[in-house]
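First comes the structure, then the notes that go with it.
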Amino acid sequence: MHMLPGAPVSSFVHPGFGMANGMHVMFNQNPSLQTAMTSFLPPTHPNYKNPVVPMQLWQIDPMKAEEIARTVYIGNISLTVTEEQLRSFFSQHGAVSYLKMAGDSIHPSTFAFLEYEQASSANLSLTLNGHILGDRPL
């Protein structure tokens with residue numbers, strides 16, 4: 001599974017920003033700055049914006065940005081793993097709304113795109129990186 005990690009949290013406090021639970025929180029009302037700062041929120045925060053999704057997309061097409069933020073790529077899936085097994089394995093972190101597996105019998109593994117109903121579930125699912133399903137680490 002691959003998703004870029006969040007931006008590192010710096011140790012300074014800029015005017016207009018504050019600290020809460022070690023994360024920068026925005027107090028400024030400028031929408032573009034608020035969007036930029038939400039990548040520092042914990043993934044379970046309702047205003048969290050996944051840093052993998054470009055900031056411009058959040059401003060131009062927030063529905064598409066939200067869909068991308070809810071989606072994870074899963075690689076190195078064993079040919080013996082079924083779609084139902086994969087859905088069941090990843091549903092431990094939230095409700096799965098869409099799953100598409102791809103691959104063929106020529107290649108030794110397949111891959112999938114899995115979309116959760118909530119972006120926070122996609123971020124929590126990253127803890128499954130390297131877990132064994134079937135006979136391979138995901």
Given the Cα-Cα distance of ASN129 and ILE60 and 0.36 nm per residue of separation, how much length would full extension add, in nm?
21.7 nm
Per-peptide average of other Cβ atoms within 10 Å, ordering 61-70, 117-126 highest first
117-126, 61-70
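Taking only the alpha-carbon atoms of segment 59-138, what semi-axes of the equivalent ellipsoid follow from 5 times the gyration tensor eigenvalues under a square root, in whole Å, largest first? Each step should come with its number before you reach the end.
On the way: eigenvalues 109, 38, 21 Å².
Each semi-axis is √(5λ); the values are 23, 14, 10 Å.
Read-outs throughout are calculated quantities, based only on the coordinates presented, and are distinct from any laboratory measurement. Because the structure is predicted, anything quoted here is derived from the model rather than measured. For neighbour counting, all protein chains shown are included, and Cβ atoms are generated from backbone atoms with ideal geometry for every residue, glycine included.
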